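Presented below is the structure to which this report refers.
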Amino acid sequence: MSTVRNGPLVGLIVQFILLAGLAVTVGIGVSGWLAGLAYGVALAGLLRRGLRAAGADRLAPADRVTLARALLVGGVLALVVPGPGGPAPVAVLVPLAALALALDAVDGGVARRTGTASALGARFDMEVDAFLILVLSVHLAPSVGGWVLAIGGMRYAFVAAGWLLPWMRGTLPPRYWRKVVAAAQGLVLVVAAAGVLPPVAATALVAGALALLVESFGRDVAWLWRHRRGRPLAARPGYPMAAPVRPPGASARAPGSTRAASSRSGPGASPARR
């Protein structure tokens, strides 16, 4: 089981190296260091736990891509945390976030080509997506307004609701629009963070993304409510069976993907694309 230990450990070491590089080049301050290191330690611990629970002795090829994305998100987090150097350097933050989003289109393809799709990989991918959107929302809150935090927090609110309301834990049928809306959130937040648009236009763009997200979540909540006392989903014609995922204790995939997960209550209320 040495690879179970080494995979997450290597990720933690690379996270430290990335943080050191950011500290030397743009400066992240003590708060950035603490946030980045805490994130790296939590990531390594949760990933090791997930591997053990899945009975896996190593990271699959696609999971390594997702781990690279997760480490980039750790760098974004360290830049976003307020420090003595002032606002986060957009010239570094935006490329890191954009690369993390771009790699989201890679890990799923790797999983399908190598035949190594897994529930762990899907969960890992979803959580990375959700946390990146949360971090970007926090970064934009001072300039756009506190309401933008609803974009990053909505998925977590959905999961929390599932802890309190059993009917919210149901498995949702695949829906392509859910994937489109999720992709739009990351793209819009990165564009807004880049500062290439006038403030009014950036605010309007983010507001539009939030409206789409509310519509998507609202439709899923309504579906779960309507089917709260119905027959199990497996017995309903026309709905592919997908294994329910319990609330976490790191987005729905495109139809046909081997790493599909249809439930918002699981790995990512913001649907990912693996």
> According to a simple spin-label model (label point 7 Å from Cα along Cα-to-Cβ), what is the distance in nm between V90 and R219?
Replying inline: 3.3 nm
> Given Cα pairs under 8 Å that are at least 6 residues apart, what percent is the relative contact order of region 2-232?
Replying inline: 18 percent
>> Eigenvalues of the Cα gyration tensor times 5, then square-rooted: what semi-axes does that give for region 28-107, in whole angstrom, largest first?
In response: 27, 17, 6
>> If the only charges are +1 at each Lys and Arg Cβ and -1 at each Asp and Glu Cβ, what is the size of the charge dipole of region 2-232 around the Cα centre, to the nearest 20 debye?
In response: 940 debye
> Can you sort R228, R155 so the residue with the fewest Cβ neighbours within 10 Å comes first?
Replying inline: R228, R155
>> What number does region 2-232 give for Rg over Rh if you use C-alpha atoms and the Kirkwood radius?
In response: 0.98
> Over region 119-159, one equal point on each Cα, no solvent: what is log10 I(q)/I(0) by the Debye formula at q = 0.24 Å⁻¹?
Replying inline: -0.74
>> Given points 7 Å out from each Cα along the Cα-Cβ axis, report the S143 to L187 separation in nanometres with one decimal.
In response: 2.0 nm
> In nm, what is the difference between 0.36 nm times the number of residues separating A53 and A157 and their Cα-Cα distance?
Replying inline: 34.9 nm
> Going by how many other beta carbons lie within 10 Å of each one, how would you line up Y39, Y176, fewest first?
Replying inline: Y176, Y39
> Going by how many other beta carbons lie within 10 Å of each one, how would you line up H227, H139, fewest first?
Replying inline: H227, H139
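No value in this document is a laboratory result; all are computed from the given coordinates. Here the structure is a predicted model, which is why all the values come from computation and not from measurement. Cβ atoms come from the backbone with ideal geometry, glycine included; neighbour counts cover every protein chain shown.
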